[in-house]
Amino acid sequence: MQSPEYSVALSKMAEIFKLEAVTPEIDLKEHLLHHAEINRPALQLAGFFDFFSSDRLQIIGLVEHKFLENMDDGSRKAALDRVFAYRFPALVLCRGLEPMPEMLDAAKKYGIPILRTPDPTTSFEGEIIRWLKVELAPRVITHGTLVDIYGEGIFLIGESGIGKSETALELVKRGHRFVADDAVEIRKVSNQSLVGSCPEMIRYFIELRGIGIIDVKYMFGFESIKETVNIDLVIQMEAWERNKEYERFGLEDHFTEILGNRVPVHTLPIRPGRNLAVICECAAINHRQRKLGYNAAAELEARSRIGFRN
């Protein structure tokens, strides 16, 4: 996934994945990654540069390293110089492989950092791509409250003062986990997945009208919070309108669109006496059942048809 609008510093990647800087004289903070995909320059080392993704992180594993070892000194130096001349963001050596002198010379010549990890190549590739897809994903910050209910990411939206924060607080008291209030950052990790989190400045804070700001992490403990969660269901909270018809059976699915992804949505009318936390719990469980293939509304309709025939 290409995300030219966003970038991540190599220093952050090195810190998170505990990568060793083989070229410590090159400042990692000055090098940025803009693409979530990676490249293994096997064909390039052999001299084929058509469609070379030189703007991606380059990774060398055992195969590429062995190919270079089998070259004579002159050919190896020329091959590495041709690759490094494209000035890609960085090179990562997997399996703790030793950098060759020609590799170090080319890195210093073109100012390209070399990093090293003891992890197997395929394992590192999978983890780094997953991480980069989140870090570089298209994103939007929108008003709402995000909670984790029984492992389902529930995004509460509605007008200010409708009761989103109070509902989240009650859910935390019932053992669920709080992610964000007021401002939710949503990232499109794939065409199927949206990941929600909270901007760092207001992370784990909830505003309660009449009380003020509370810190969920310190009031209810670290088990009551979560940094990120997939957004599985949107609950639109709105004031009850007497003459408006609301969903009663749930036979028809409704969706909303976020960053081009369709997300199931329920409209929850608010009126005095309704236990919103319990209703949200039921919505989360019902959504999980549907994902697993069970639809209570469809089951009731099927039973009704059988009853009518009998």
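The values are calculated or read from the model by the stated rules, or taken from the named source; none is laboratory data. Quick caveat, the model's predicted, so the values are computed rather than measured. Using ideal geometry, Cβ is built from the backbone for each residue, glycine included, and neighbour counts are taken over all protein chains shown.
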Tell me, please, whether a residue that is more than 30 Å from Ile202 (Cα to Cα) and surrounded by 16 or more Cβ atoms within 10 Å (Cβ to Cβ) can be found in the range 124-146.
yes
Of the conditions (1) surrounded by 22 or more Cβ atoms within 10 Å (Cβ to Cβ); (2) touching a strand residue (DSSP E or B) at 6+ places or on another chain (Cβ under 6 Å); (3) farther than 30 Å from Leu10 by Cβ, the single one that Ile149 does not satisfy is (2)
Here the residues within the range 166-196 that are out of contact with any helix residue (DSSP H, G or I) (no Cβ under 7 Å at 6 or more places or on another chain), touching a residue at least 40 places away in the same chain (Cβ under 8 Å) and in a strand (DSSP E or B) are Val179, Val184, Glu185, Ile186, Lys188, Leu194, Gly196
Please tell me if Asp119 is more than 31 Å from the chain's Cα centre (by Cα) and surrounded by fewer than 22 Cβ atoms within 10 Å (Cβ to Cβ).
no
Of all the strands (runs of 3 or more DSSP E) wholly in the range 199-310, which have at least 3 residues that are touching a residue at least 24 places away in the same chain (Cβ under 8 Å)?
205-208, 233-239, 261-270
Taking the range 67-92 and keeping residues small (Gly, Ala, Ser), touching a Leu at 6+ places or on another chain (Cβ under 7 Å) and within 23 Å of Ala21 (Cβ to Cβ) leaves Ala90
So which of Asn261, Asn286 ends up being surrounded by 12 or more Cβ atoms within 10 Å (Cβ to Cβ), modelled with pLDDT under 95 and out of contact with any Phe, Trp or Tyr (no Cβ under 7 Å at 6 or more places or on another chain)?
Asn286
